[in-house]
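Report on the following structure.
The values are calculated or read from the model by the stated rules, or taken from the named source; none is laboratory data. Since this is a predicted model, take the numbers as computed values, not measurements. When we count neighbours, we look across all protein chains shown, and the Cβ atoms used for this are built from the backbone with ideal geometry, even at glycine. We work out accessible area using only protein heavy atoms, side chains counted, and drop any ligands, DNA or RNA first. Shrake-Rupley method; radii C 1.70, N 1.55, O 1.52, S 1.80 Å.
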Amino acid sequence: MPVAASAIYFLNLRGDVLINRLYRDDVGGNMVDAFRMHIMQTKELGTCPVRQIGGCSFFYMRISNVYIVIVVSSNANVACAFKFVVEAVALFKSYFGGAFDEDAIRNNFVLIYELLDEIMDFGYPQNLSPEILKLYITQEGVRSPFSSKPSDRPVPNATLQVTGAVGWRREGLVYKKNEVFLDIVESVNLLMSSKGSVLRCDVTGKILMKCFLSGMPDLKLGLNDKIGLEKESQLKSRPTKSGKTIELDDVTFHQCVNLTRFNSEKTVSFVPPDGEFELMKYRITEGVNLPFRVLPTIKELGRTRMEVNVKVKSVFGAKMFALGVVIKIPVPKQTAKTSFQVTSGRAKYNAAIDCLVWKIRKFPGQTEPTLSAEVELISTMAEKKSWTRPPIQMEFQVPMFTASGLRVRFLKVWEKSGYNTVEWVRYITKAGSYEVRC
């Protein structure tokens, strides 16, 4: 949080203070009275979770029958404050057996004060990982009778994890077979005109990993992004290899990624958590490879008939295919009868959403299936204004294809014991908001 929190309050639904902690002396102890008077008693709790009163900002959230209020004396990062609250509640639940309410707070005053001193220092958030905090705050909370029993997990080295910035992975992991699974999952967002010109297009992607590796491995991931390839060529004093490079925008990483190394070498280096996690997110706005092109032709023949012709072309390679393709073609509400001819898949009229729904289970690449439909409309005297045509919508999933062109150049695993690993890489492109005007 760029600006530190001055105080945190836990209130019940009546506004009584259950527990509070003052971290700085730039706010008075009567701040909670201002919150009760100007927010709780005016019934404005549900309008906005951020309020400014008397030069102070109040960030509040309701969890069960408890309000958690953070007070700051100047401008602060609101998203960071709410992220702190969510993670703090998850931490308390891990100590209280999954419960967080007024009774849980009243039964665990001492433990909560100890945790509040650890997770925030002079108003700045610190480590909120339950796995690490339980290594040195070993006191157990008063658990709900309906809570699950604590799991008997092996206790790792507390000193290493608390001081060594590897809090997301414990020591002593051993697997008979060391494997790494990496998925690049992308969503294509498109708005295209009826003539085929792109009005808006971008790709949002994420890299998902599932690691089953022994020890404390160090992984290094290389992608075909432009900055990374240029930096690699500079370090090795040789020209960049020919091939498509892409520019990643709005990149965010998991906390395990070594940002210092990324800034200097532009490579993604990290000690992975055990199991499944999201390594990074990104966005692409230029050079997008569209998996499909939709060419619609809709003719209104008087007031009672329509002709609909839609051609869908798959642009990806002939050896690939899309799964679960659904094309939703809008029709007027006064549709009475429809008849179809399709070269692939099945089509039907769905009156609930006023659409012709065309489904193709398996859509090969470099093919152009078509749909032809005749729509009969009910003629009504009241309905004289013209039909506003909503866009055609598509749903699909294309394995082993990326709309951005992102590719994994290498995935290296190093561990001091030198064991062999098996790496699996998969690409998936899905439809986000894929719309074509008709």
For Ser94, are the conditions met, namely being outside any helix (DSSP H, G or I), open to solvent by 10 Å² or more (accessible area, probe 1.4 Å) and in the same structural domain as Arg21 (by the TED database)?
-> no
Only one residue in Leu248, Leu235, Leu259, Leu279 is modelled with pLDDT of 90 or more, within 36 Å of the chain's Cα centre (by Cα) and either over 27 Å from Gly196 (Cβ atoms) or open to solvent by 20 Å² or more (accessible area, probe 1.4 Å) (or both), so which one is that?
-> Leu279
Of the residues in the range 205-219 that are open to solvent by 20 Å² or more (accessible area, probe 1.4 Å) and in a strand (DSSP E or B), the one that is nearest to Ser404 (Cα to Cα) is Lys206
What number goes with the only condition from (1) out of contact with any Lys or Arg (no Cβ under 8 Å at 6 or more places or on another chain); (2) under 16 Å from Ala431 (Cβ atoms) that Ser339 does not pass?
-> (2)
What single numbered condition from (1) buried (at least 19 other Cβ atoms within 10 Å of the Cβ); (2) under 30 Å from Glu395 (Cβ atoms); (3) at pLDDT 90 or above fails to hold for Asn178?
-> (2)
Filter the range 385-400 down to the residues that are β-branched (Val, Ile, Thr) and more than 21 Å from the chain's Cα centre (by Cα), then identify the one that is farthest from Asn289 (Cα to Cα).
-> Thr388
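Could you tell me whether any residue of the range 294-302 is over 18 Å from the mean Cα position of the chain (by Cα), open to solvent by less than 50 Å² (accessible area, probe 1.4 Å), modelled with pLDDT under 90 and not small (Gly, Ala, Ser)?
Within the range 294-302, none of the residues are over 18 Å from the mean Cα position of the chain (by Cα), open to solvent by less than 50 Å² (accessible area, probe 1.4 Å), modelled with pLDDT under 90 and not small (Gly, Ala, Ser).
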What are the residues in the range 35-56 that are on the phi < 0 side of the Ramachandran plot, charged (D, E, K, R) and at pLDDT below 80, if any?
-> Glu44
Filter pass, Leu111 being outside the structural domain of Gly55 (by the TED database) and at pLDDT 80 or above = no
Residue within the range 27-34 that is open to solvent by less than 50 Å² (accessible area, probe 1.4 Å), in contact with a Ser or Thr (Cβ under 6 Å, 6 or more places away or on another chain) and under 21 Å from Leu116 (Cα atoms) present = yes
Yes/no for Arg14 being touching a residue at least 40 places away in the same chain (Cβ under 8 Å) and part of a loop (DSSP other than H, G, I, E, B) | no
Give me a count of the residues in the range 95-138 that are within 15 Å of Phe84 (Cα to Cα) and charged (D, E, K, R).
-> 3
Count - residues of the range 186-204 that are farther than 13 Å from Cys438 by Cβ and open to solvent by 50 Å² or more (accessible area, probe 1.4 Å) = 5
What are the residues in the range 203-219 that are under 19 Å from Val422 (Cβ atoms) and of a type in the set (D, E, K, R), if any?
-> Lys210, Asp218
For Thr260, all conditions in the list (1) hydroxyl-bearing (Ser, Thr, Tyr); (2) assigned to a strand (DSSP E or B); (3) more than 17 Å from Phe401 (Cα to Cα) hold save one; what is the number of the exception?
-> (2)
Pair list, Cβ under 8 Å, 6 or more apart: the range 251-279 residue within 24 Å of Ser214 (Cα to Cα), other residue crowded, with 17+ Cβ neighbours inside 10 Å and among the small types (Gly, Ala, Ser) | Val257/Ser269; Asn258/Ser269; Arg261/Ser269; Thr267/Gly222; Thr267/Gly228; Val268/Gly222
Selection from the range 39-89 of residues among the aromatic types (Phe, Trp, Tyr) and either touching a residue at least 60 places away in the same chain (Cβ under 8 Å) or under 17 Å from Ile105 (Cβ atoms) (or both) yields Tyr60, Tyr67, Phe84
Only one residue in Val315, Val308, Val375, Val325 is surrounded by fewer than 16 Cβ atoms within 10 Å (Cβ to Cβ) and in contact (Cβ under 8 Å) with a residue 24 or more places away in the chain, so which one is that?
-> Val315
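Please verify whether the range 403-424 includes one or more residues that are in contact (Cβ under 8 Å) with a residue 24 or more places away in the chain, open to solvent by 70 Å² or more (accessible area, probe 1.4 Å) and within 22 Å of Ser314 (Cβ to Cβ).
Yes: the range 403-424 contains one or more residues that are in contact (Cβ under 8 Å) with a residue 24 or more places away in the chain, open to solvent by 70 Å² or more (accessible area, probe 1.4 Å) and within 22 Å of Ser314 (Cβ to Cβ).
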